[in-house]
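A quick write-up on the structure given underneath.
The values are calculated or read from the model by the stated rules, or taken from the named source; none is laboratory data. This one's a predicted model, so the numbers in the text were calculated from it and none came from an experiment. Methodologically, a virtual Cβ is constructed for each residue, glycine included, from the backbone with ideal geometry; neighbour enumeration extends over all protein chains shown.
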Amino acid sequence: MTAKNSKNTSIKVLCVCLGNICRSPAAQGVLEFDARRRALMMQVDSAGTAAYHLGKSPDPRSIAALSKHQIDISGQQARQVQLTDFDEYDWVLAMDKSNLNNLMKICPSNLQSKLVLFSQFSGGDEDVKDPYYGADEGFDKMFEHLKSLSEFFLDHIESQRL
Ligand code: 4NP
C-alpha cells in the first residue's frame, strides 16, 4: 500500500490547462466539491502551462457557470506550473492533449507517470474544450464535461483505496 492510497492520507491533485483562468480553475472547484461530498481527503490546486494571466481571478464566465451549481471559484488566482509541482502532487491532470504534451516536455522522466489526460478515467481521450474564445454556453458545456470527468476520476481514486 503506498502512502497515497492510505485512507487517512490526503491525495494531492493539480489540474492544468493553458491559461489557468477557464478550465483548470473550474476543474479544481468541481473536484473539491465532489471530493468533499464523498468525504475523500483531497487537496486540489490548478495551474497553467502559460504565464499569460498570472495572479488573475478566474474568467468571470467560469465563475458564473460554476456558481449555478453552488461552487465558488472566485477566490482562485492564476499561476504557472513549476517544476516542484511534479514532486509535490500525486496526480497532474491535463485538460487537453496539447497541455499534456507540454507537461511531458518539462516533467522529469521519473515523475512522468503522474501526468494524465483528465478524460482518460472515462475510458476516452477527448480534450476538455477551451471555451475562452467562444460563447457563454461553452462554459456550461465545460462544466458538464468536468463534472462527468470528476466523477470518473474520483471513482478511480476510491477503487484504489483499501
Ligand atoms: P484556459 O483558457 O486554458 O482554459 O484557462 C484560456 C485562457 C486564456 C487564453 C487561452 C485559453 N489566452 O490565450 O489568453
Only one of Glu144, Glu88 is within 22 Å of Ile21 (Cβ to Cβ) and more than 16 Å from the ligand (Cβ to nearest atom), namely Glu88
Residue pairs within 9 Å by beta carbon, gap of at least six or interchain, first lying in the stretch 111-127 and farther than 19 Å from Lys141 by Cα, second buried (at least 19 other Cβ atoms within 10 Å of the Cβ) and of a type in the set (Gly, Ala, Ser), listed first then second, are Leu115/Ala94; Val116/Ala94
Of the residues in the stretch 15-40, those that are within 7 Å of the ligand (Cβ to nearest atom) and part of a loop (DSSP other than H, G, I, E, B) come to Leu18, Gly19, Asn20, Ile21, Cys22
Can you find even one residue in the stretch 98-116 that is buried (at least 20 other Cβ atoms within 10 Å of the Cβ) and assigned to a loop (DSSP other than H, G, I, E, B)?
-> no
Worksheet entry | Residue in the stretch 49-61 that is modelled with pLDDT of 95 or more, out of contact with any strand residue (DSSP E or B) (no Cβ under 6 Å at 6 or more places or on another chain) and among the polar types (S, T, N, Q) present | yes
